[in-house]
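Read-outs throughout are calculated quantities, based only on the coordinates presented, and are distinct from any laboratory measurement. None of the values given here were measured: they were computed from a predicted structure. Neighbour counts are summed over all protein chains in view; Cβ atoms, including those assigned to glycine, are modelled from backbone coordinates with ideal geometry.
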Amino acid sequence: MRVFFNSSHDAHDGQGEMHHGRMVPCFDNARRMGLIRDAVALAVKAQLVDPADHGMAPITAIHDPAYLAFIENAWRDWQAAGHTGDAFPYIWPTAGLAGGAPTHISARLGQYAFSSDTPITPGTWKAAYWGAQTVVSAADAVMKDGEAAFALTRPPGHHAHANRYGGYCFLNNCAIAAQYMRDKGAKKIVVLDVDYHHGNGTQDIFYERADVLTVSIHADPKDHFPFFLGFADETGRLDGQGANLNIPLPGGTDFGGWSQAFARAMQKILGFQADALVVALGVDAHEAEPICDFKLVTDDFNRIGQMIGRLGLKTLFVMEGGYAHDVIGQNVAGVLGGYLSQAKT
Ligand SMILES: [Zn+2]
């Protein structure tokens with residue numbers, strides 16, 4: 001399988017993240033990528049491909065220009081304000097406290113961040129920019145010959161909204177890829193998010209559109225990040241009514257419960273008759289994952305890949321979460337190997 005690899009990913013290297021009131025080492029760290037790359041190389045005969053530079057157009061097709069300018073310059077502005085280390089917000093505009101248009105970097109961090117877990121570092125923009133180029137290059141390859149590809153990149157993307165960052169995400173790679181595939185001729189796209197966490201950014205970006213079906217199987221936001229989106233009654237709006245499916249699952253869910261959810265997702269996806277599929281490939285539903293509490297085991301990820309293969313769609317896999325260093329490589333390789341064992345192309 002072709003594996004498009006973001007070799008600039010390690011430009012984003014946070015000194016720490018705020019996790020339930022404590023600064024801890026970043027769960028999304030550079031070591032993840034090497035582990036996944038090496039495991040995939042062995043398991044699915046990966047052909048590593050460098051991304052091409054498609055410029056800003058595929059990114060501005062999804063994200064607000066003012067937001068992009070903010071992300072690109074935030075660390076420089078933070079430093080210019082006299083701060084050292086990574087940039088974090090500490091105040092947010094909320095109901096009753098949202099007047100004016102403050103220009104101070106701390107106010108703008110709060111304006112554009114929705115969570116406090118995501119450092120902005122000197123190389124954040126470079127890593128995120130090349131992450132987007134990685135997924136666009138992979139999407140381009142899938143559209144050209146119909147064969148599957150894997151975009152191996154970090155920081156992840158599925159929590160990023162058109163003008164909000166958080167949950168370690170800055171640019172919504174899956175949304176950028178889906179839009180790029182639309183622009184290259186695919187009339188209908190499915191984004192299937194199998195990450196443990198709800199893909200809030202992807203849902204929000206496509207919430208009023210009928211041409212992109214967003215499906216997410218995830219931990220119930222009542223008790224799990226991102227808390228404020230991802231509930232079962234969010235089904236889309238306006239033209240997008242019916243084009244969003246959330247399947248929240250309780251903590252402790254094992255493969256029995258997860259695969260039942262997938263069966264529901266599969267029915268919805270097959271009914272949509274899409275031209276292509278983008279998989280938001282998080283592997284943090286594994287039992288060893290540090291910030292999650294599902295109970296999937298490594299063999300289950302091969303089964304997930306087989307189920308995705310049986311959908312019979314042109315498929316692009318995009319790396320999202322997965323933080324347990326001992327197992328993430330095997331789990332990603334399991335999904336891709338399972339997919340290849342079942343896919344027609
Ligand atoms: Zn996740």
Report task. Please specify each residue of the range 198-243 satisfying the condition of being outside any loop (DSSP other than H, G, I, E, B) and surrounded by fewer than 24 Cβ atoms within 10 Å (Cβ to Cβ). Result -> Asp204, Leu238, Asp239, Gly240
**Report entry** Answer residue from the range 295-327, given it is away from the ligand (no atom under 16 Å from the Cβ) and aliphatic (A, V, I, L, M) and is surrounded by the most Cβ atoms within 10 Å (Cβ to Cβ) among those
**Finding:** Leu316
Query - Residue match in the range 286-301 (condition: of a type in the set (Phe, Trp, Tyr) and in contact with a helix residue (DSSP H, G or I) (Cβ under 6 Å, 6 or more places away or on another chain)) - result: yes
Query raised in the report: What do you reckon, is Ala280 within 30 Å of Ser137 (Cα to Cα), more than 14 Å from the ligand (Cβ to nearest atom) and in contact with a strand residue (DSSP E or B) (Cβ under 6 Å, 6 or more places away or on another chain)?
Result: no
Query raised in the report: Would you say Asp239 is in contact (Cβ under 8 Å) with a residue 12 or more places away in the chain and more than 16 Å from the ligand (Cβ to nearest atom)?
Result: yes
Query - the range 248-274: number of residues that are away from the ligand (no atom under 16 Å from the Cβ), part of a loop (DSSP other than H, G, I, E, B) and surrounded by fewer than 19 Cβ atoms within 10 Å (Cβ to Cβ) - result: 4
Query raised in the report: If you go through the range 290-325 one residue at a time, how many are in contact (Cβ under 8 Å) with a residue 60 or more places away in the chain and basic (Lys, Arg)?
Result: 1
Report summary line: Only unsatisfied item for Thr60, checking (1) farther than 30 Å from Phe301 by Cα; (2) touching a residue at least 12 places away in the same chain (Cβ under 8 Å); (3) out of contact with any Gly (no Cβ under 9 Å at 6 or more places or on another chain); (4) among the β-branched types (Val, Ile, Thr), is (2)
Query raised in the report: With respect to Ala160, is the statement that it is within 11 Å of the chain's Cα centre (by Cα), of a type in the set (A, V, I, L, M, F, W, C) and within 16 Å of the ligand (Cβ to nearest atom) true?
Result: yes
**Report entry** Subset of the range 291-315 that is assigned to a strand (DSSP E or B) and within 19 Å of the chain's Cα centre (by Cα) - its residue that is farthest from Val191 (Cα to Cα)
**Finding:** Lys314
